[in-house]
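Written below as structure tokens is the structure these notes are about.
Throughout, read-outs are computed from the coordinates displayed, never taken from laboratory work. None of the values given here were measured: they were computed from a predicted structure. So basically every Cβ, Gly included, is an ideal-geometry build from the backbone, and we count neighbours across all protein chains shown.
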């Protein structure tokens with residue numbers, strides 16, 4: 001009995017050591033090149049085929065809850081393409097190697113120390129590690145989404161009735177993103193100077209159309225200290241004044257759409273606002289594709305010939321893009337605030353890019369409420385300026401309110417171009433000047 005007890009205790013200790021052990025360069029290699037040796041397979045799944053009502057049961061295990069139900073009900077079909085690598089920016093990968101094991105989590109969710117740049121936790125997550133979910137969340141927060149600086153310029157949102165397919169309203173935006181810290185590609189590195197507030201990231205949004213909301217602007221300053229609340233301001237064109245955004249407003253409908261500000265990019269909040277739980281690793285169908293090879297819309301004429309993703313399916317809510325079988329981490333986020341309008345999100349985190357192409361959202365009763373698609377376009381099959389950027393380009397979105405029978409769709413012209421997002425754009429003064 002004494003020997004058995006010693007063996008059990010040793011096993012527990014070994015488990016603790018393994019889940020907390022340092023990552024090595026092989027872990028980095030596996031993290032950034034998950035398809036180097038082989039790609040995921042599923043019986044009967046072939047490039048060029050379509051998953052629809054007739055065969056969806058065969059592929060239920062590789063579909064998330066929302067997409068399975070939509071295909072089963074005949075709301076949409078899924079065009080299958082080969083799994084392909086979306087290799088991230090080489091400078092980001094090298095920064096991960098140079099700063100390996102420097103990032104350390106504190107006792108409180110949202111407390112991280114020692115992080116410089118790159119992917120903070122490249123080791124494969126473990127169900128035995130109680131911090132695995134939070135580590136995945138940090139990998140997303142410090143991911144290479146939009147690089148050091150990017151813009152969606154322009155960005156069309158359509159509000160659609162799911163049953164009638166009527167387009168109720170179209171908004172035209174410009175979105176801009178800037179990392180002030182942990183930069184890996186755009187000089188100066190790793191941080192911008194003259195940042196006394198110690199901001200990590202800034203987001204600026206400007207409405208261009210229609211006239212009744214033209215020049216509405218949103219500015220978000222996210223602090224390096226995740227335990228510190230974001231500063232956010234809203235400029236309303238008809239009022240011609242800037243007002244600070246109350247904390248609760250990030251979970252309100254944004255300009256009448258099906259999205260909250262907190263939904264931007266898959267999750268646009270603090271790590272400390274959620275309890276994060278890693279639920280396992282799976283192979284799941286995800287919207288990754290070559291933009292230039294998709295069925296593209298002719299609705300908007302861009303001077304450079306660029307065309308946006310087309311939509312179809314029930315209500316015109318579903319992007320007509322290819323899907324591929326990819327390795328994902330299933331990540332649950334539960335709001336810390338009991339008054340939050342949702343009970344949880346299930347994020348399907350792409351293991352290679354750490355983007356959030358699929359998120360399923362549940363209401364406070366725990367019932368399916370919304371599902372979010374963010375289509376990912378390979379930068380080498382997109383705008384010429386994006387080629388070689390190593391950024392998985394957000395290229396289309398759909399937020400579908402299942403209970404409200406309504407959706408909001410988004411058509412992107414994503415551009416990795418630092419000239420479109422100068423630092424002065426991310427100031428309250430810019431909002432006032434632009435609003436005049």
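Cβ crowding within 10 Å ranks 135, 327, 279 as 279, 327, 135, fewest other Cβ atoms first. Among 277, 355, which comes first, then next, by fewest other beta-carbon atoms within 10 Å? By the 10 Å Cβ count, ascending: 277, 355. Using the empirical formula 2.2 N^0.38 Å as the baseline, the Cα radius of gyration of the chain reaches a ratio of 0.98.
The GNM of the chain, with springs linking C-alpha atoms under 10 angstrom apart, assigns the highest mean-square fluctuation among 335, 193, 130 to 193. According to the square roots a ≥ b ≥ c of the eigenvalues of the Cα gyration tensor, what is the shape class of the stretch 247-286, taking rounded for a/c under 1.5, prolate for a/b larger than b/c otherwise, and oblate for the remainder? The shape class here is oblate.
For the chain, the 222 nm mean residue ellipticity estimated from helices alone, with every DSSP H stretch of n ≥ 4 adding -39500 (n - 2.57) and the total spread over all residues, rounds to -4000 deg cm²/dmol. Most tightly packed first, judged by the mean number of other beta-carbon atoms within 10 Å of their residues, the peptides 213-222, 304-313 read 213-222, 304-313.
Taking 423, 160, 183 as the candidate residues, the one with maximal mean-square fluctuation in a Gaussian network model of the chain, Cα springs under 10 Å, is 423. Scaling against 2.2 N^0.38 Å puts the C-alpha radius of gyration of the stretch 78-153 at 1.29.
Counting neighbouring beta carbons within 10 Å and listing from fewest to most, the residues 323, 157 come out as 157, 323. Every Cα-Cα pair of the stretch 329-436 was included, and the share exceeding 24 Å stands at 46 percent.
Across all directions, the shadow cast by the convex hull of the stretch 53-199 built on its C-alpha atoms averages 13.6 square nanometres. Overall, the anisotropy analysis places the stretch 213-365 in the oblate class: the square-rooted eigenvalues a ≥ b ≥ c of its C-alpha gyration tensor yield a/c not less than 1.5, with a/b not exceeding b/c.
Cα-based values for the stretch 394-436, radius of gyration first and Dmax second, are 16.1, 41 Å.
Kirkwood Rh over alpha-carbon pairs of the stretch 152-283, then Stokes-Einstein at 10 °C and 1.306 mPa s: what D in µm² s⁻¹, rounded to an integer? All intermediate terms of the calculation are to be shown ahead of the outcome.
Details: Rh = 16.9 Å.
Stokes-Einstein gives a translational diffusion coefficient of 94 µm²/s.
Taking the average, over residues, of other Cβ atoms within 10 Å as the packing measure, peptides 261-267, 370-376 rank 370-376, 261-267 from highest down. The Cα trace of the stretch 273-349 gives Rg and Dmax of 17.5, 48 Å, the first to one decimal, the second as a whole number. Considering only 49, 84, 274, the Gaussian network model of the chain with Cα springs below 10 Å gives its largest mean-square fluctuation to 49.
Counting only DSSP beta bridges with both residues in the chain, what percent are antiparallel, rounded to the nearest 5? Numbers along the way, then the final one.
Values: 94 of 98 bridges.
Among the beta bridges of the chain, antiparallel pairing accounts for roughly 95 percent.
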